[in-house]
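The values are calculated or read from the model by the stated rules, or taken from the named source; none is laboratory data. Note that this is a predicted model, so its numbers are computed, not measured. Here the Cβ positions follow ideal geometry from the backbone for every residue, glycine too, while neighbour counts run over all protein chains shown. Heads up: the accessible areas ignore ligands, DNA and RNA and are worked out on the full protein's heavy atoms, side chains in. Shrake-Rupley method; radii C 1.70, N 1.55, O 1.52, S 1.80 Å.
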Amino acid sequence: MDNPSRIISDGQDQDSTEESGRGFFGKLGSRMARPRGEAPAVPSGLDTREARLLLQNYEESGRGWFWSTDAKGRITYITDAVARLMGRTGTGLLGTPFTDLFLPVDSHGERQRTLPFLMTKQSKFDELPLRSAFEGDDRWWAISGRPWFDQGGDMAGYRGSGTDITAQRRSAEDASRLALYDSLTGLANRFNISKKLDTTLAAFSQQQRSCAIMLLDLDRFKQVNDTLGHPAGDALLKQVAERLLKIVGDKEMVSRLGGDEFQIILPDVEDRGKLGDMAADIIGSLSQPYSVEGSRCIIGASVGVAIAPFDGQTSDDLVRNADLALYAAKGNGRGRFRFYSSDLHQAAEDRRALEEDLRDALTRGEMELTYQPVVQAKTNLVTGVEALIRWTHPERGLISPSVFVPIAEETNLIWPLGEWVLRKACEDAARWPGDLRVAVNVSPIQFANEDLPKVVASALGAAGLSPDRLELEITENVFLSDSAETARMFKALKDLGVRLALDDFGTGYSSLGYLQSAPFDKIKIDQSFVRGATVPGSRNGAIIAAIVALAEALDMETTAEGIESHDQLDLIRNLHVSHVQGYIYSKPVGNDELVDHAEAGSWMIKPSGPAKQRNDRFQMFRKVGAIHGNHRYNVVIRNLSATGAFIEGILDVPTGTRFVIDFGEGQLVTATVRRSMKHQQGIEFEQTMVSDGNGGLCTRHRVSPYLIAAATQQTPGQLALPTFTTTSDWKAA
């Protein structure tokens, strides 16, 4: 170290100090703490030397350092060892503004008076935390300083000290990080995101702004932990966090609540079209295969969405409602999203009641099987059928499998239910004339049960059905990991002589790797590819062609699901898909009707359906409001599509008349009458509806409660809505 008593001055007299105690330490005792205008006290030579040695010893110990400046704040002295830590030398820093040694306060988020401000005001400061401004040096220093004055009472500069607080600072940051961030993924934790949501909603309420949140729950994550162990599960969660951040972008708005649950805050977003697209992107991304510790894993995700202020104005309400939407998404088949709506409260109660009723549905004889024909595309000849389970509830009537099958999976009822389907299908098929095949769906939970081959063999033996007439449809979910158990299950099933079909191919889990080893006889192309294939500009046709080419190369059949129109059928035939299943040939039929067709010999079905694919229409009958001018009419809406619908309840409405259709909960859409037939009107929406994530439709935007409240105040008792001109009077039916 250079002699620490060296002094650099700016035009100051140095003679006496250099003699009695050279340098900074020689002047320290006489000037550092001297009040303004007070004459310096002259220490004895012994006292000066002792002070200089003590301070020099402290400086050399590395526990602290010293600095001084002139009246303009330029460095006149700095401990050389510290200068070297900053990548400089003491001599090299002479004349440098002292403030240049440290980053500006705002750059690292500190809330304190800045060093330049304090020095400009000639204020003293103690233990001011500052970060080094030099590249490659991320140290933190606690800086103290006092102004000193010449004999005339004028400000002469600063003298002070510094200590290294890097270790303490990092320790505090680590503690703060642990308190606010998830140690595994680095995302905000539950406490952090809850506080952030509270703050955001409080501010946005005053500013009348919207804020959406998404709750995510991983599907089949538990199977990864159970199969590969918790370290693999932890590694998978890290990859999930990375994929979420790529889509969302803002790390501070993504959190891991714990386990396999995540939450996302999306300020100033209320467009349900955009939110639906993001939710679909998240589900698609998280459903792509992962590589974890040399194993290939596949999981999924379900998403619930709630938007403030429409779905709640407090964080508790918003999170609770997003959780209800998530619960509904999971209950409707997983791997999907759902927006919150007020009817979800009742739906949750209904679902809990269904859980209880489902336990006794088999013993009460409420389950039955129907069969949908699978037709050879070139000849229209029925070669087999798919068994579809139906539940006729004594009070609720027919309940869709998309509702009760997920309940069965969650309540461990899928195994007895699946075994019943398998045995019943084999019994029915054994009595059919001819050699029609019967396809039965096997859930991943059934596939994971080592007793499945025994149950299949027992069902075939009891019914006396030839194994090659039974086809087991297995989804790609069974390939959660490339485990030896999966390979053994495939071998055991093929050893029985049954056929295997890969169901829902192309829904996000597809991998060509397992097709090389899994002994499938058929690939079923998911209907989502078929329905979009005839849309101009769609690439689905090219994807279907690639799937067909792959299947042919592997000596597999192909079946296209969900064919409803002739243009879809023509496309499928041109792409050489071997088999077709869909309403264009037949809806599912009961066993008795199937037997009647089969007894007639070869079962041929002539395709019948619309010429072209239409937007999905929902056969619904729902009361809504049709607002025109200052009048509101209660009407029934049906055949809802993204672009329009039919309404019933008003007579003699001229074409061209414009309405505001009120679907409730702030969902308003402008519509124009395009066709009018007495009490029925065909209306076209000004803005297309978007998916609600549950197979239905909703408006892209909603009227904010803030605007509704303002309109109600302006027009007591009613909402001020746009007024449209009509060509004639018409009356409610």
- Task: Tell me, please, whether a residue that is open to solvent by 20 Å² or more (accessible area, probe 1.4 Å), touching a Gly at 6+ places or on another chain (Cβ under 9 Å), over 25 Å from ILE299 (Cβ atoms) and of a type in the set (A, V, I, L, M) can be found in segment 343-352.
- Result: yes
- So which residues in segment 412-441 are more than 37 Å from the chain's Cα centre (by Cα) and of a type in the set (Asp, Glu), if there are any at all? GLU427, ASP428, ASP435
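Going through segment 552-567 one residue at a time, which ones are under 9 Å from ILE584 (Cβ atoms) and either open to solvent by less than 10 Å² (accessible area, probe 1.4 Å) or free of Cβ contacts under 8 Å to residues at least 12 places away in the same chain (or both)? Before the answer, list the steps.
If we filter segment 552-567 for residues that are under 9 Å from ILE584 (Cβ atoms), which is where we start, we get 563-566.
Matches in segment 552-567: ILE563, SER565.
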- Only residues that are open to solvent by 10 Å² or more (accessible area, probe 1.4 Å) and either in contact with a Lys or Arg (Cβ under 8 Å, 6 or more places away or on another chain) or more than 30 Å from HIS597 (Cβ to Cβ) (or both): list them for segment 421-446, please. ASP435, LEU436, ARG437, PRO444, ILE445
- Of the residues VAL303, VAL269, which is under 20 Å from GLN208 (Cα atoms) and at pLDDT 90 or above? VAL269
- Item | Which numbered condition GLY160 fails, given (1) of a type outside the set (Val, Ile, Thr); (2) surrounded by fewer than 19 Cβ atoms within 10 Å (Cβ to Cβ); (3) in contact with a strand residue (DSSP E or B) (Cβ under 9 Å, 6 or more places away or on another chain) | (2)
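Scan segment 403-420 for residues that are surrounded by fewer than 17 Cβ atoms within 10 Å (Cβ to Cβ) and of a type outside the set (D, E, K, R) and jot them down.
The first filter runs over segment 403-420 and keeps only residues surrounded by fewer than 17 Cβ atoms within 10 Å (Cβ to Cβ), leaving 410-412, 416, 420.
Once the filter is applied, which keeps residues that are surrounded by fewer than 17 Cβ atoms within 10 Å (Cβ to Cβ) and of a type outside the set (D, E, K, R), segment 403-420 yields THR411, ASN412, PRO416, TRP420.
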- Note on the structure: Counting only residues that are among the β-branched types (Val, Ile, Thr) and more than 15 Å from the chain's Cα centre (by Cα), segment 247-300 contains a total of 2
- When every residue in segment 357-397 that is outside any strand (DSSP E or B) and of a type in the set (D, E, K, R) is compared, the one surrounded by the most Cβ atoms within 10 Å (Cβ to Cβ) is ASP357
- Starting from residues that are in contact with an Asp or Glu (Cβ under 9 Å, 6 or more places away or on another chain) and charged (D, E, K, R), keep the ones in segment 281-316 and report whichever is least open to solvent (accessible area, probe 1.4 Å). ASP311
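Which members of segment 291-331 meet the condition of being acidic (Asp, Glu) and not in a helix (DSSP H, G or I)?
Taking segment 291-331 as the starting set, the residues that turn out to be acidic (Asp, Glu) are 293, 311, 316-317, 323.
GLU293, ASP311 - these are the residues of segment 291-331 that are acidic (Asp, Glu) and not in a helix (DSSP H, G or I).
Would segment 252-266 turn up any residue that is assigned to a helix (DSSP H, G or I), touching a strand residue (DSSP E or B) at 6+ places or on another chain (Cβ under 9 Å) and surrounded by fewer than 18 Cβ atoms within 10 Å (Cβ to Cβ)?
Step one: list which residues in segment 252-266 are assigned to a helix (DSSP H, G or I), which gives 252-253.
If we keep only those that are touching a strand residue (DSSP E or B) at 6+ places or on another chain (Cβ under 9 Å) too, we end up with 252-253.
The next check asks that each one be surrounded by fewer than 18 Cβ atoms within 10 Å (Cβ to Cβ); those that pass are 252.
Among the residues of segment 252-266, at least one is assigned to a helix (DSSP H, G or I), touching a strand residue (DSSP E or B) at 6+ places or on another chain (Cβ under 9 Å) and surrounded by fewer than 18 Cβ atoms within 10 Å (Cβ to Cβ), which makes the answer yes.
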- Message: Could you check segment 581-607 and list, in sequence order, the residues that are modelled with pLDDT of 90 or more and either touching a Ser or Thr at 6+ places or on another chain (Cβ under 7 Å) or among the hydroxyl-bearing types (Ser, Thr, Tyr) (or both)?
- Response: GLN581, TYR583, ILE584, TYR585, SER586, PRO588, VAL589, GLY590, ILE605
